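S.K.: This is the structure I want to talk about, given as structure tokens.
The values are calculated or read from the model by the stated rules, or taken from the named source; none is laboratory data. Worth saying up front: this structure is predicted, and the values here are computed from it rather than measured. Don't worry about glycine lacking a Cβ; one is built from the backbone with ideal geometry, like all the others, and counts go over all protein chains shown. Surface accessibility is based on the protein's heavy atoms, side chains included, excluding ligands, DNA and RNA. Shrake-Rupley method; radii C 1.70, N 1.55, O 1.52, S 1.80 Å.
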Amino acid sequence: MKKVAILGSTGSIGTQALEVIEKHGMQVTALAANSNAEKLAEQAKKYHPEAVCIYDPSKVEQLETLLKGERIEVLTGMDGLCEIASNESHDILLNSVVGMVGLLPTLKSIEAGKDIALANKETLVAGGSLVMKNAAEKGVKIYPVDSEHSAIFQSLQGNEGNKIRKIILTASGGPFFGKKKADLANVRAADALKHPNWDMGNKITIDSSTLMNKGLEFIEAKWLFDLDPSQIEIVVHRQSVLHSAVEYEDYAVIGQMGVPDMKIPIQYALLYPQRVECPTHPLSLTDYGTLTFEKPDYDTFDCLRCAIDAITEGGLRPAIVNGANEEAVWHFLRDEIGFLEIGELVRAAMEAVPGGAVTCYEDVLAADQAARAFVRESISKK
Ligand code: MG
């Protein structure tokens, strides 16, 4: 019986992972959430982990009260996340927290020699070089959970030793596909939170609407599959049926298709290399009828270009872009800035904040903090 610890258990990926875990009788050793103490307590009572962690320290008391009488250790903060990540009890850590906060637990899990099912894309965006280097040294496996990266990973199976010509990274296009800047000036958070194909948390939904999500995934793909940025082609595919593909030297393109349901990539990451029944539904290609593919609109969606420029430059630049984006999205969700300002602030931070090489976690953290401070100052000066 496989033992799983989950960081981000109350989010969209975490709850779907628990469905997969329950279906296959896997054991849950630890659960961690950001601030939803009620939902975390409910999950803990159902899955009986050894430990739970609530990241927000102001929610610890509530969680302890809710779990009174249960033999479950209650942890909090970054220390709690790292304790769970490096614990001996689990076979695999599912890291599905949102944001740069996921990087340190990922590094701790690698240090402890624990395999990771990775859904926290900021881990690789901000600290990709560190994560991949440390994982290789420790022999730790990183299984991608993001649907696109899972599709690439699946398309690579059986092709060890064959050279990749390029990766086709598909993008849904987000809720503002086809719109131009003039159409987007007055967009508010509520408009951007309506996403067509996938059910996700707020931060990633905004990232999908700005196409920053695809930019982050571009960087994630570079690190996971050891590619040059020039080998990654982003293709807008509105139906989200082809989840990404790999083109080999012979021009054969191998991709992975399926309904847009995260349970398929989550299950593959947790049960790799097994393929067993998944709690989802089959794909009917004839129901879709037509699949479409087109080029992304880089002029309208600044964030996408920023992310590609950042990874092309390398070093700390992606961490700066990621930090600036996290901060800008936070303010956008509070209706403090407009939709187009997200891209403007990210671009300005990318140009203003000093870069440099990534030598350790502290470098990444400092670049992230500097980018956030830049964005906060720019907003306060408005
Ligand atoms: Mg994705």
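S.K.: Please list, in chain and number order, the residues 5+ apart from VAL235 or on another chain whose amide H is under 5 Å from its amide H, with Hs placed from the backbone.
M.R.: LEU169, THR170, ALA171
S.K.: Heavy-atom accessible area per residue, region 76-186, 1.4 Å probe: how many Å²? Before the final figure, lay out the partial values.
M.R.: Numbers: 3960 Å² over 111 residues.
Normalised by residue count, the accessible surface of region 76-186 is 36 Å².
S.K.: Pull out a ≥ b ≥ c, the square roots of the eigenvalues of the alpha-carbon gyration tensor of the chain, then state rounded if a/c is under 1.5, prolate if not and a/b is larger than b/c, and oblate in the remaining case.
M.R.: Rounded is the answer for the chain, as its axis ratio a/c remains below 1.5.
S.K.: I'd like to know which of ALA269, SER155, ASN202 lies farthest towards the positive end of the charge dipole of the chain, counting +1 on Cβ of Lys and Arg and -1 on Cβ of Asp and Glu.
M.R.: So the residue furthest toward the plus end is ASN202.
S.K.: Evaluate the distance, in nm, between pseudo-label points positioned 7 Å from the Cα of ALA357 and of ASP228 along their respective Cα→Cβ axes.
M.R.: 2.2 nm
S.K.: While we're here: Could you check which residue among ILE266, ILE320, ILE204 shows the biggest mean-square fluctuation in a GNM of the chain with a 10 Å Cα cutoff?
M.R.: ILE204
S.K.: Between MET257 and LYS181, what length comes free when the chain is fully extended (0.36 nm per residue of separation minus the Cα-Cα distance, one decimal in nm)? Before the final figure, lay out the partial values.
M.R.: On the way: separation 76, 0.36 × 76 = 27.36 nm, distance 3.20 nm.
24.2 nm is the gain from fully extending MET257 to LYS181.
S.K.: Determine the per residue accessible area of region 321-360 with all protein chains present and a 1.4 angstrom probe, expressed in square angstrom.
M.R.: 38 Å²
S.K.: Ignoring ligands, DNA and RNA, please state the percent of accessible area on region 162-235 from carbon and sulfur, probe 1.4 Å.
M.R.: Working: 1450 of 3050 Å².
After summing per-atom areas, the C and S share lands at 48 percent.
S.K.: Leaving ligands, DNA and RNA out of it, work out the accessible area of GLU362 with a 1.4 Å probe and give it in Å² to the nearest 10.
M.R.: Using a 1.4 Å probe on the heavy atoms, I get roughly 110 Å².
S.K.: Restricted to Cα positions, what overall size does region 185-249 have along the principal axes? Three whole-Å values, descending.
M.R.: 44, 22, 21
S.K.: State the answer as a single residue: which of TYR248, SER109, GLY356 lies farthest towards the positive end of the charge dipole of the chain, with beta carbon charges of +1 for Lys and Arg and -1 for Asp and Glu, about the Cα centre.
M.R.: Value computed over the given set: TYR248.
S.K.: If you don't mind, there's one more thing I want to ask. Using a simple charge model, +1 on the beta-carbon of Lys and Arg, -1 on the beta-carbon of Asp and Glu, nothing else, what dipole does the chain show about its Cα centre, in debye to the nearest 20?
M.R.: In total the dipole reaches around 360 debye.
S.K.: Calculate log10 I(q)/I(0) of region 1-58 for q = 0.17 Å⁻¹, where I(q) comes from the Debye formula with a single equal point scatterer on each Cα and nothing for solvent.
M.R.: Reported log10 I(q)/I(0), two decimals: -0.46.
S.K.: Could you pull out the pairs from LYS214/LYS263; LYS3/LYS121; LYS108/LYS214; LYS108/LYS194; LYS45/LYS214; LYS68/LYS203 whose alpha carbons sit more than 29 Å apart here? Walk me through the intermediate numbers first.
M.R.: On the way: LYS214/LYS263 20 Å; LYS3/LYS121 23 Å; LYS108/LYS214 27 Å; LYS108/LYS194 35 Å; LYS45/LYS214 37 Å; LYS68/LYS203 32 Å.
Beyond 29 Å between Cα atoms: LYS108/LYS194; LYS45/LYS214; LYS68/LYS203.
S.K.: May I pose another question? Could you tell me which of TYR47, SER86, ALA32 has its Cα farthest along the dipole of region 1-88 towards the positive end, charges placed at Cβ (Lys, Arg +1; Asp, Glu -1), taken about the Cα centre?
M.R.: With unit charges placed on the Cβ atoms, the residue in question is TYR47.
S.K.: Could I ask something else about it? Under a cut-off of 17 Å between alpha-carbon atoms, report the aspartates and glutamates in cross-link reach of LYS59, not counting same-chain residues fewer than 8 places apart.
M.R.: Within reach: GLU38, GLU42, GLU73, ASP79.
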